[in-house]
Amino acid sequence: MSTEPLDLYLLTLEIEEKVGGIVHGRSVNIKNQKFTMNHNGHFEEKENLSFGTCFRHMTSDTDNFLALDNMRNPQRSIDEFTNSIKRRQIGGSYDQIFEQQHFPKGILKFGDIDRDSLKNEGENLLNDIRTHLKEYLKDDFKITLSLEIEEEQKTFTSSSGAHIVQKFSRVYLLVHLISIKHWKIDLYRMIGGIHMSSISWEKLLKTVTEISAEANLLSKAKIETRLEGPLLFSNDATWTLFHETIGHAVESENNVSTYLENYLGTKVAPSHVSVIDDKGIDSVGSYGFDDEGFKAAGAMIIEEGILNTMLYGLKDLKRNVMPTGNTRSSTYKTKPQVRQSNLIIEPGDFTTEELLERSNNGYFIGPMFFASADVSTGHFMIYPQYIQKIEDGDLRDIFLCPPFYGNAVDVLRNLGAIGKDIINRPAFCIKNNDRIPVGMISPKVAIENVRLRS
Amino acid sequence: MIDELHQIKDDIVTRLDRIKSIKSFEVFIHHLKQTIEEYGTIKSVNGLSSTGLAIRVISSQNGFGFFTGTVSQASKLLDIISEKANRLSSIEERDFAPLRPNRVAIPKISFQAFDEKFNHEILEVDDKFESKVEKTEEIKLITNSYSEETWEIQRGLFVSKSFEKSKSVKINGKFNLGKDLRDFESKIMTFSRHKGFMKEKPQTKVTDNYDHFILSPEIFGKIVAKILLETDFRMSNEIFSERTNIYEDPLKPYSYTSTTIDDEGIKTYPMRILDNGEVIAKEDELREYIQYGGNAYRYKLNRFPPHSFEFPPHPHYTNLVMDTGKLRFEDIISSVDNLGLIEKGGIQIIQRREKADLLIRIHQGELYENQAVTKNISSGTLLIDLKSIFQDSESTRNLQGVYHSKYYLTSHTGWLLISADKVKIIR
């Protein structure tokens with residue numbers, strides 16, 4: 001089988017002929033290159049070329065999936081797959097409603113990363129960043145830097161006639177610092193995007209200055225296990241909180257019913273809060289069509305505090321709702337699921353100084369290590385890299401901390417002022433063992449009178 | 001298909017041999033075939049056939065490179081290697097040559113028979129499931145998964161192969177029936193009875209009124225794995241008691257992660273990790289050890305899947321085995337009046353400067369009063385000083401293996417009895 005989409009289309013038709021239903025065929029070709037500079041200054045290159053194909057066969061009540069990367073002889077695997085479906089008698093017909101009517105032609109392109117120039121200058125770039133970090137850092141830190149360049153080409157065809165080709169290019173730069181004196185002092189920051197400007201030298205310098213200032217402060221940090229009073233979430237922490245508690249709770253394909261499901265059309269947050277899932281802006285989560293062939297429409301999840309829509313996939317057509325084009329998977333190996341793209345929390349009117357004043361005697365929550373949420377209840381866990389006491393409208397003592405637990409309903413109710421400065425960074429979201437890039441676009445948010453347990 | 005792989009591998013070796021700037025290289029081929037069938041409200045067949053290629057290269061200047069790809073990309077990958085071989089800048093201090101005499105060679109296996117057997121085994125357990133889902137109220141979904149893995153390691157004359165099989169049947173995505181399906185019916189019965197029991201007994205939060213707590217091997221094993229893999233050993237050294245012994249045993253029978261050959265094709269053997277509370281070998285300090293020994297696996301923490309051809313082999317544990325205690329589980333149940341048995345829960349280690357605390361969020365447990373279960377413990381949080389786990393408590397004599405998918409290892413520990421005055425209940 002060649003890489004031509006026509007062959008993919010013929011194979012989808014072949015499967016449809018044997019077992020009925022509707023068949024989607026996808027091929028994913030990824031070139032991933034990673035440069036790492038470890039704490040000894042050793043530079044390492046890793047290159048991964050991955051190319052494979054998958055087929056999804058659907059009938060009214062079944063959903064079957066086959067992934068293979070043997071391009072020379074796919075016939076044997078396809079025969080085994082169709083035989084299994086026949087044996088279990090789960091082939092059959094498919095509701096007409098699922099057949100897409102309008103299909104675009106041509107190639108869509110997202111991102112303009114100059115892979116060749118980065119390939120040649122990767123080592124110099126990381127060396128320069130390392131030199132700058134060494135200058136700024138007072139304490140002894142292990143510095144690990146990595147630069148990842150990813151090129152991806154996705155082809156989607158379906159037995160009902162779709163043919164969509166999309167090309168993506170993305171770049172990520174990760175700075176990771178670990179203290180030699182105290183293992184708990186662990187800081188990392190990732191920048192990147194789909195344009196060369198997202199890792200411009202100015203942005204790199206800003207990141208290096210910020211992270212080394214935090215690292216130097218943390219050398220004297222104590223540990224704080226209580227988090228009470230007004231809280232000011234950093235841009236990173238705000239986005240992570242919204243992504244986990246609201247973003248995942250509005251994905252329609254969860255196996256459990258979510259705490260937000262019954263609140264469609266009602267007010268779930270104060271009027272100044274709006275949350276959008278936007279696939280069309282310049283960020284790593286952008287795309288034109290999802291992995292079920294639907295146009296990637298933007299979704300206004302929360303509009304002025306009202307829960308407006310969930311994120312829907314193909315299967316939701318049965319419930320008479322239009323898919324929002326959010327079904328994605330990272331590789332050919334996994335079945336697509338309803339996922340977020342670029343989650344945007346709409347900025348407010350407050351400057352950082354005003355936000356700090358409003359959160360007096362509270363805490364500033366630094367960027368996250370990671371976070372998770374139980375979408376059925378709204379309980380969440382956040383693990384900040386550090387927290388900082390706010391006194392007299394300024395950031396004072398810095399603390400290391402354990403993970404904190406809380407409930408999204410309490411937090412949403414107490415959402416206060418929203419800042420006007422926003423960030424646009426890349427992030428990764430893992431759901432059911434599938435890791436996809438998502439865009440992090442968020443301001444700072446003040447939350448009044450909330451108590452999180454450690 | 002597999003014969004094609006041999007051809008591709010030979011081509012790669014020939015081409016790499018021709019590149020003068022390469023001193024030493026290793027070619028790995030990983031073939032995975034997997035079928036997962038789901039019975040229940042969701043009916044599905046999921047098949048995966050994947051062949052991955054990984055090439056490790058050491059240049060004449062000791063530069064080190066690691067290149068991976070799916071097998072269809074082999075030719076492009078070789079172009080990249082020949083272009084980059086001269087300017088690899090990472091330093092690898094060891095050579096692959098000393099590995100060769102230790103390689104384990106296994107006779108070639110007919111791959112056609114291999115595939116036929118695969119299809120036969122998947123069919124073997126088929127029809128029982130559909131009827132069970134319909135008849136048993138508690139069962140919403142049965143997942144039957146079967147996979148076979150082949151690792152090929154090749155350099156010149158040294159060939160080795162390893163086969164790994166795994167088969168599991170899960171109910172509702174969680175309750176694992178294990179590999180042996182001969183007593184499938186009785187296991188289903190146990191599952192239903194347990195579920196019925198959970199419905200009948202009242203649910204309660206954990207309270208102060210217990211004399212003792214007992215932690216299941218699942219929680220105790222998770223604690224041990226988390227300490228060894230996610231925390232610093234400087235801290236662990238002070239936590240373990242003088243009685244604590246932990247072994248790494250890749251040859252442990254009836255364990256999912258046991259293997260006689262590691263991912264470099266070298267024979268594996270057991271080693272000590274903790275000897276009477278003293279740390280012998282930390283995972284990332286084992287480089288020298290694996291140069292001549294075994295136990296190198298393609299594994300990465302916090303990556304999914306944790307075990308893949310895309311990661312270079314590095315030292316990792318397979319089966320963590322704790323020294324046994326003196327107690328018997330039945331004796332504990334019969335001798336303690338008020339006992340909180342914690343079966344499942346999430347754990348978190350909170351590290352402070354002087355000490356470390358363990359936080360257990362209970363998901364499932366039972367309250368034993370006068371040797372009988374009276375209530376289900378469904379929620380609550382316990383805080384325990386990590387030192388108490390190893391220094392002030394005792395484990396049972398019989399070990400139980402629990403596979404932790406996050407860490408890609410199996411822990412073999414007993415039940416752990418801990419006095420209630422060492423445990424703080426957080427409200």
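A few remarks follow.
- Any hit, the stretch A:48-68, residues being more than 7 Å from every other protein chain (Cβ to nearest Cβ), over 22 Å from the mean Cα position of the chain (by Cα), part of a loop (DSSP other than H, G, I, E, B) and crowded, with 21+ Cβ neighbours inside 10 Å: no
- Boolean, residue A:73 is assigned to a loop (DSSP other than H, G, I, E, B), at the interface with chain B (Cβ under 7 Å from one of its Cβ atoms) and either at pLDDT 90 or above or under 27 Å from residue B:30 (Cβ atoms) (or both): yes
- Residues (among the polar types (S, T, N, Q) and within 14 Å of another protein chain (Cβ to nearest Cβ)) located in the stretch A:203-256: A:219, A:225, A:254, A:255
- Selection count where residues are of a type in the set (Lys, Arg) and at pLDDT 90 or above, scope the stretch A:137-189: 4
- Filter pass, residue B:303 being within 14 Å of chain A (Cβ to nearest Cβ), at pLDDT below 80 and either touching a Gly at 6+ places or on another chain (Cβ under 9 Å) or open to solvent by 60 Å² or more (accessible area, probe 1.4 Å) (or both): yes
- The lone exception for residue A:176 - which of (1) open to solvent by less than 20 Å² (accessible area, probe 1.4 Å); (2) under 19 Å from residue A:426 (Cα atoms) it fails: (1)
- Unmet requirement for residue A:187, which otherwise passes all of (1) in contact with an Asp or Glu (Cβ under 7 Å, 6 or more places away or on another chain); (2) assigned to a helix (DSSP H, G or I); (3) under 19 Å from residue A:444 (Cβ atoms): (2)
- Check on residue A:192, farther than 23 Å from residue A:360 by Cβ and assigned to a strand (DSSP E or B): yes
- Of the strands (runs of 3 or more DSSP E) that lie entirely inside the stretch A:340-454, not one contains 3 or more residues that are among the small types (Gly, Ala, Ser), in the same structural domain as residue A:330 (by TED's automatic domain parsing) and more than 24 Å from residue A:303 (Cβ to Cβ).
- Just one of the numbered conditions (1) within 13 Å of another protein chain (Cβ to nearest Cβ); (2) at pLDDT 85 or above; (3) in a strand (DSSP E or B) is not true of residue A:15: (3).
- Only one of B:375, B:344 that is touching a residue at least 40 places away in the same chain (Cβ under 8 Å), more than 27 Å from the chain's Cα centre (by Cα) and surrounded by fewer than 20 Cβ atoms within 10 Å (Cβ to Cβ): B:375
- Qualifying position, being within 14 Å of chain B (Cβ to nearest Cβ) and under 27 Å from residue A:388 (Cβ atoms), among A:180, A:191: A:180
- Checking each residue in the stretch B:258-267 for being part of a loop (DSSP other than H, G, I, E, B) and either among the aliphatic types (A, V, I, L, M) or open to solvent by 10 Å² or more (accessible area, probe 1.4 Å) (or both) picks out B:258, B:259, B:260.
- Filtering B:324, B:374, B:413 for residues that are closer than 27 Å to residue B:245 by Cα, of a type in the set (S, T, N, Q) and in contact with a Phe, Trp or Tyr (Cβ under 8 Å, 6 or more places away or on another chain) leaves a single hit, B:413.
- Residue within the stretch A:78-87 that is facing another protein chain (nearest Cβ under 7 Å), in contact (Cβ under 8 Å) with a residue 12 or more places away in the chain, open to solvent by less than 50 Å² (accessible area, probe 1.4 Å) and of a type in the set (A, V, I, L, M) present: yes
- Sole residue being hydrophobic (A, V, I, L, M, F, W, C) and in contact with an Asp or Glu (Cβ under 7 Å, 6 or more places away or on another chain), chosen from A:301, A:281, A:306: A:301
- Among all residues of the stretch A:263-274, there is none that is touching a residue at least 60 places away in the same chain (Cβ under 8 Å), open to solvent by 10 Å² or more (accessible area, probe 1.4 Å) and within 14 Å of chain B (Cβ to nearest Cβ).
- Evaluation of residue A:445 against the conditions (1) more than 14 Å from chain B (Cβ to nearest Cβ); (2) open to solvent by 60 Å² or more (accessible area, probe 1.4 Å); (3) of a type outside the set (S, T, N, Q) shows that the sole unmet condition is (2).
- Filter result for residue A:109 (within 30 Å of residue A:386 (Cα to Cα) and loosely packed, with under 15 Cβ neighbours inside 10 Å): no
- The set of residues in the stretch B:363-384 being within 15 Å of residue B:423 (Cα to Cα) and within 14 Å of chain A (Cβ to nearest Cβ) consists of B:380, B:381, B:382, B:383.
Table: residues versus (1) surrounded by fewer than 21 Cβ atoms within 10 Å (Cβ to Cβ); (2) under 25 Å from residue A:333 (Cβ atoms).
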position: B:33; (1), (2): no, yes
position: B:38; (1), (2): no, yes
position: B:42; (1), (2): yes, yes
position: B:48; (1), (2): no, yes
position: B:68; (1), (2): no, yes
position: B:73; (1), (2): no, yes
position: B:78; (1), (2): yes, yes
position: B:88; (1), (2): no, no
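- Apart from one condition, residue B:89 fits all of (1) of a type in the set (Ser, Thr, Tyr); (2) at pLDDT 70 or above; (3) closer than 21 Å to residue A:34 by Cβ; the exception is (2).
The values are calculated or read from the model by the stated rules, or taken from the named source; none is laboratory data. Just so it is clear, the model here is predicted, and its values are computed rather than measured. Backbone-built Cβ (ideal geometry, glycine too); neighbour counts: all protein chains shown. With ligands, DNA and RNA removed, areas are computed over all heavy atoms of the protein, side chains included. Shrake-Rupley method; radii C 1.70, N 1.55, O 1.52, S 1.80 Å.
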